[in-house]
Amino acid sequence: MPVTRGFNHVATITADLDRLIGFYRAAFGAEVTFEMAAEGDHPRLAIIDLGGGAALNAFEVDDEAIIGERRTPGKRGAIDHFGLAVDSLATLEQVRDRLVAAGADIGEIQQLGSDWSLFFRDIDGMELEVCCPGSLPSGGDGPTVAATS
């Protein structure tokens, strides 16, 4: 039986993040739950909550950096990576150990918005992510692990 419980988010790129956010707000009532300014080589990011535990992580880049024909199926280049969802930080730590054992190149478990996140490269070098829910304390100063049953 798989240890994942589905997709957490899809990451995409756009040349106009404000326009993209406006579209998803208007079309789906989506809400921005996290924003990060561009810093160094990391582009501006917005996490757009699409409901039901699904999110769109949108990165803003120069139009010239977007590869592919966005309107032509099979020639699009806008999907950056996908994130798999697990139920808890404990499961995320177990998955990290399983990834190491399977030969994946892994990063560190980190907080991104209100989720815990682990980036890794699979055996073919494709970058992926595994996430689990966390929660922000009432002061909003940082994450604490959500209670699990």
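Structural remarks
- Restricting segment 9-19 to residues that are surrounded by 15 or more Cβ atoms within 10 Å (Cβ to Cβ) and modelled with pLDDT of 90 or more, the residue that is farthest from residue 129 (Cα to Cα): 17
- Applying a threshold of 8 Å to beta carbon distances and a minimum spacing of six or more residues, or different chains, the list of pairs starting in segment 43-62 at a residue that is under 22 Å from residue 6 (Cα atoms) and ending at one that is aromatic (Phe, Trp, Tyr) reads 46/34; 47/34; 48/24; 50/24; 50/28; 51/28; 54/7; 56/24.
- Where a residue in segment 110-122 is farther than 21 Å from residue 100 by Cβ and its partner, wherever it lies, is among the β-branched types (Val, Ile, Thr) and buried (at least 19 other Cβ atoms within 10 Å of the Cβ), with Cβ under 8 Å and at least six apart: 113/47
- Among residues of segment 20-32 that are outside any strand (DSSP E or B), those with a beta-carbon under 9 Å from a residue that is among the polar types (S, T, N, Q) at least six positions away or on a different chain give the pairs 20/12; 20/14.
- Residue in segment 34-41 that is in contact with a Gly (Cβ under 8 Å, 6 or more places away or on another chain) and not polar (S, T, N, Q) present: yes
- Check on residue 5, under 23 Å from residue 121 (Cβ atoms) and either at pLDDT below 95 or surrounded by 12 or more Cβ atoms within 10 Å (Cβ to Cβ) (or both): yes
- Of the residues screened, residue 41 is not one that is modelled with pLDDT of 90 or more, exposed (fewer than 14 other Cβ atoms within 10 Å of the Cβ) and farther than 23 Å from residue 119 by Cβ.
The values are calculated or read from the model by the stated rules, or taken from the named source; none is laboratory data. As the structure is a computational prediction, the values presented were derived from the model and not from experiment. Glycine gets a Cβ as well: all are built from the backbone with ideal geometry, and neighbour counts include every protein chain shown.
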